[in-house]
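Beneath this line is the structure, given in structure tokens, with notes to follow.
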């Protein structure tokens with residue numbers, strides 16, 4: 001079985017609010033000195049792939065679109081247990097929307113070779129975007145299941161456990177299949193061992209460009225976006241304290257109720 005895992009490198013979501021800054025020109029978060037990590041749900045997807053590899057045998061390939069810093073995320077994937085990694089480092093992709101990214105990922109996956117299963121996170125850890133997996137499945141013309149927490153392979157069929165509002169459901173599908181992974185107690189990303197980190201550091205990761213993939217220039221970049229981000233801002237929380245006075249508890253309660261009515265809170 002060949003498994004592709006699409007991962008994205010993002011600024012650590014645990015970054016303190018005091019260090020969170022937005023570039024007013026690009027409408028993007030400023031990295032500054034904040035650490036970069038694999039998007040959490042993508043890490044869950046990688047763990048699911050590695051578990052399948054350990055249980056049933058599989059080749060796991062991690063793919064990422066990004067700058068040279070994304071090499072760090074791919075090296076982490078290799079140290080966790082991925083067999084191969086591919087970086088798509090193409091400036092023309094900067095500013096692409098979800099469909100543009102899906103187009104680039106589909107071209108990369110096709111160039112990478114045969115696959116049975118494609119795993120992604122159910123949403124990105126920075127923009128909480130959930131559209132890329134569905135667009136990617138459409139590009140590849142394969143089945144798609146979202147919010148999957150566990151995967152098994154039985155008699156050549158892929159059985160996925162999908163979270164629903166009142167529990168979960170089991171879906172059986174024939175590969176190839178794309179599954180967007182949600183977090184679960186069984187797919188918490190493992191910590192890599194030192195020897196595996198050192199081994200991953202020695203591996204060569206190929207870097208592909210638009211010319212290598214045959215990307216359609218009219219489908220990528222800021223000129224192809226269908227949804228424009230007009231503004232991004234950090235919420236400003238304002239608070240103030242107002243003392244309710246009164247000689248007795250009853251009088252204070254009445255004053256409080258009157259004030260809440262005045263503010264149209266009750």
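The values are calculated or read from the model by the stated rules, or taken from the named source; none is laboratory data. Everything numeric here is computed off the predicted structure, so don't read it as measured data. For neighbour counting, all protein chains shown are included, and Cβ atoms are generated from backbone atoms with ideal geometry for every residue, glycine included.
Scanning segment 39-63 for residues that are in a helix (DSSP H, G or I) and either in contact (Cβ under 8 Å) with a residue 24 or more places away in the chain or touching a helix residue (DSSP H, G or I) at 6+ places or on another chain (Cβ under 6 Å) (or both) yields a total of 16.
Listed here are the residues, each with its yes/no results for (1) at pLDDT below 95; (2) out of contact with any helix residue (DSSP H, G or I) (no Cβ under 6 Å at 6 or more places or on another chain); (3) under 30 Å from residue 43 (Cβ atoms).
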{"site": "171", "(1), (2), (3)": "no, yes, yes"}
{"site": "181", "(1), (2), (3)": "no, no, yes"}
{"site": "192", "(1), (2), (3)": "no, no, yes"}
{"site": "204", "(1), (2), (3)": "no, yes, yes"}
{"site": "220", "(1), (2), (3)": "no, no, yes"}
{"site": "259", "(1), (2), (3)": "yes, yes, no"}
{"site": "265", "(1), (2), (3)": "yes, yes, no"}
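Consider residue 212 carefully, then state whether it is surrounded by 10 or more Cβ atoms within 10 Å (Cβ to Cβ) and within 30 Å of residue 111 (Cβ to Cβ). So residue 212 passes the test.
Counting only helices (runs of 4 or more DSSP H) that fall entirely inside segment 66-146 and contain at least 2 residues that are within 21 Å of residue 206 (Cβ to Cβ), in contact with a helix residue (DSSP H, G or I) (Cβ under 8 Å, 6 or more places away or on another chain) and touching a residue at least 60 places away in the same chain (Cβ under 8 Å), the qualifying elements are 70-80, 98-112.
With respect to being over 26 Å from residue 159 (Cα atoms) and more than 19 Å from the chain's Cα centre (by Cα), residue 13 falls outside the description. Can residue 252 be described as over 30 Å from residue 161 (Cα atoms), at pLDDT 95 or above and out of contact with any helix residue (DSSP H, G or I) (no Cβ under 9 Å at 6 or more places or on another chain)? Answer is no for this residue. Please work out if residue 230 is modelled with pLDDT of 95 or more and in a loop (DSSP other than H, G, I, E, B). Considered against the rule, which asks whether it is modelled with pLDDT of 95 or more and in a loop (DSSP other than H, G, I, E, B), residue 230 comes out as no. Among the criteria (1) in contact (Cβ under 8 Å) with a residue 60 or more places away in the chain; (2) loosely packed, with under 11 Cβ neighbours inside 10 Å, the one residue 240 does not fulfil is (1). One residue is enough: does segment 159-166 have a residue meeting the conditions touching a helix residue (DSSP H, G or I) at 6+ places or on another chain (Cβ under 7 Å), assigned to a strand (DSSP E or B) and surrounded by 14 or more Cβ atoms within 10 Å (Cβ to Cβ)? No, segment 159-166 contains no residue that is touching a helix residue (DSSP H, G or I) at 6+ places or on another chain (Cβ under 7 Å), assigned to a strand (DSSP E or B) and surrounded by 14 or more Cβ atoms within 10 Å (Cβ to Cβ). Pick from 200, 180: which is part of a strand (DSSP E or B) and touching a residue at least 60 places away in the same chain (Cβ under 8 Å)? Of 200, 180, the one residue that is part of a strand (DSSP E or B) and touching a residue at least 60 places away in the same chain (Cβ under 8 Å) is 180.
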